[in-house]
Structure formats: structure tokens, C-alpha cells
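Step one of this worksheet: look at the structure below.
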Amino acid sequence: MIEMKDVSKWYGSFQVLTDCTTQVARGEVVVVCGPSGSGKSTLIKTVNGLEPFQKGQILVDGVSVGNAKTNLSKLRARIGMVFQNFELFPHLSIRQNLTIGQVKVLGRSEDEATEKGLKYLDRVGLIAQKDKFPGQLSGGQQQRVAIARALSMDPIAMLFDEPTSALDPEMINEVLDVMVGLAQEGMTMMVVTHEMGFARKVANRVVFMDRGHIVDDCSKDEFFGNPRSERARDFLAKIITH
């Protein structure tokens, strides 16, 4: 579904990604982890063209992201993206947040968009909040709405960029529970996260990054049991003992 080959990116003279190669098969859940500043968020944002890259190739369902002829708006409509800070429209109700993309991008009727949006709002357990505004919801609820909004677009894959890092600790599980459910239903997912419990529970593979390089790319069991690199062993020792 997602194929990255020798992807490199620079900010001016600073190289933020170096020859990154990995892939995500249909129905697979891949967790991307690593220390802060390792390039994780940048890597995931290159998948749908939110971050341009200067070298290499990325294919999503056979479509080349880096090709100048590719319609990135159309491609992004097929890939759900959930950000750290929710990115909901504060002046629109929850119902309107769920329908606006469907109507404007996919051309659905208001009724069809509402039916689809409310179905997913119910799926994340928030149907009672449909007429509220984002500012009236907790952070965990807003992030669940953001997931419902992404699902309403019928994505072929979902990208999550540290979806729980802006949340209070007691709100994290309500978002992770929704993500676990999606994984168990077979959604193709690429997830940047520090939540190692989530990775252990649902990841098929773990991609470990350090300083813009993919250092480890292996099965979940291998990563947590016997990571290939010294850097990954050091990282795990620090986060699992505390």
C-alpha cells in the first residue's frame, strides 16, 4: 500500500531524512518510533506530500507522491491523517467538521456526508456531542472526532502523527482504544508514537529512527525481544525501565 525507497529530505543544508526505505502492506500496522528530532513526523508527512522530499520515491497504492503530475489533493483525500493537535475547525460544530471535507472534496451530498460522519462519530463513542463545538470537548474527545473525520473520507490508509502526545494521561487510552479497534478491523496504518504498549499490542512491524535514518525495521516481537541495533536497545532500556 505504501512504499518508500531511498527517501531523503533537506531543510536548507540540514539533512532531516537520509535514504529511508520501508513499506506498509495492505492491512498492516507499522509503528514508527525513536528519540525526539529523529525525523519520524517528517517521514510520515512525506507519505501524503505534506512534506516535499528531494530524493527517492514514494508510492501509495501505486501512485507516485513525488511526481509533479500527481494530484496531491486527490491523493490526500484517500489517506486519512490524524495530527498531534487535532486540527478541527473551531468555528464549526462537530457535525460540520465531519461533513465539510466529504462535501467539498468528495462531492457528497449534505445528507450522505452527515449519515457517514455520524456513523463514524458513533463508532468513536461521541454521537451525543454532534451539535457541540470543538472547544466544548476534552482533548481526547477532539482527537476521537479527528479520527472519525478522517474515517468519513473512506481512506485506503491512515497516518497518525503522535496522536496522543498533546493529551492528558487519562485521555490517552480513549484514543488508543479507537486506534486498536481500527487495527483489529484491518485498517492499513502508519503510526508515529511513543506509546510502546500500543506498539506491543497491535503493530505488525516497528520502524525505529535515529538522526534521520531508519536504524531498525523489523517485526514487533524482534524489536521488543532482540532489536538489531545498539541504538534501539539503548532507547528501549530507557523508556521501558521508567
Within the stretch 61-78, considering residues that are under 22 Å from Trp10 (Cα atoms) and of a type in the set (A, V, I, L, M), the one surrounded by the most Cβ atoms within 10 Å (Cβ to Cβ)
Val65
Criterion (under 15 Å from the mean Cα position of the chain (by Cα), more than 21 Å from Met1 (Cα to Cα) and not hydroxyl-bearing (Ser, Thr, Tyr)) met by exactly one of Val175, Val215:
Val175
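Can you tell me which residue is farthest from the chain's Cα centre (by Cα) among those in the stretch 80-103 that are assigned to a helix (DSSP H, G or I) and among the β-branched types (Val, Ile, Thr)?
Val103
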Would you check if Gly37 is more than 15 Å from Pro155 (Cβ to Cβ) and either touching a strand residue (DSSP E or B) at 6+ places or on another chain (Cβ under 8 Å) or surrounded by 14 or more Cβ atoms within 10 Å (Cβ to Cβ) (or both)?
no
Among the residues of the stretch 182-195, is any closer than 22 Å to Val30 by Cβ, surrounded by fewer than 20 Cβ atoms within 10 Å (Cβ to Cβ) and of a type in the set (S, T, N, Q)?
yes
Would you confirm, using the coordinates I've provided, whether Asn173 is over 25 Å from Ser8 (Cα atoms), touching a Lys or Arg at 6+ places or on another chain (Cβ under 9 Å), without any contact (Cβ under 8 Å) to a residue 12 or more places away in the chain and surrounded by fewer than 18 Cβ atoms within 10 Å (Cβ to Cβ)?
no
Taking only the stretch 42-85 into account, find how many residues are in contact (Cβ under 8 Å) with a residue 24 or more places away in the chain and farther than 25 Å from Gly107 by Cβ.
16
Close pairs from the stretch 20-31: first surrounded by fewer than 18 Cβ atoms within 10 Å (Cβ to Cβ), partner in a loop (DSSP other than H, G, I, E, B) and small (Gly, Ala, Ser), Cβ under 8 Å, at least 6 apart
Gly27/Gly186
Inspect the stretch 56-73 for any residue being out of contact with any Leu (no Cβ under 8 Å at 6 or more places or on another chain), modelled with pLDDT of 95 or more, of a type in the set (A, V, I, L, M, F, W, C) and more than 16 Å from Pro155 (Cα to Cα) and give the result as yes or no.
yes
So, in the stretch 104-130, how many residues would count as being hydrophobic (A, V, I, L, M, F, W, C), part of a helix (DSSP H, G or I) and modelled with pLDDT under 95?
2
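May I ask you to verify whether Ala199 is of a type in the set (Gly, Ala, Ser), farther than 20 Å from Ser36 by Cα and surrounded by 20 or more Cβ atoms within 10 Å (Cβ to Cβ)? Don't jump to the end; show me each part of the working.
Details: of a type in the set (Gly, Ala, Ser): yes; farther than 20 Å from Ser36 by Cα: no; surrounded by 20 or more Cβ atoms within 10 Å (Cβ to Cβ): yes.
When the stated conditions are applied, Ala199 does not pass them.
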Tell me, which residue of the stretch 1-14 that is surrounded by 17 or more Cβ atoms within 10 Å (Cβ to Cβ) and either modelled with pLDDT under 95 or not charged (D, E, K, R) (or both) is farthest from Thr46 (Cα to Cα)?
Met1
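What about Gly39, is it closer than 28 Å to Ser138 by Cβ and either modelled with pLDDT under 95 or of a type outside the set (Phe, Trp, Tyr) (or both)? Working first, answer last.
On the way: closer than 28 Å to Ser138 by Cβ: no; either modelled with pLDDT under 95 or of a type outside the set (Phe, Trp, Tyr) (or both): yes.
Answer is no for this residue.
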Scanning for something crowded, with 19+ Cβ neighbours inside 10 Å, touching a Pro at 6+ places or on another chain (Cβ under 7 Å) and either under 30 Å from Thr99 (Cβ atoms) or not charged (D, E, K, R) (or both), does the stretch 216-228 turn up at least one residue?
no
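The values are calculated or read from the model by the stated rules, or taken from the named source; none is laboratory data. The model shown is predicted, which means the values in this text are computed figures rather than measured ones. Virtual Cβ from ideal backbone geometry, glycine too; neighbours counted across all protein chains shown.
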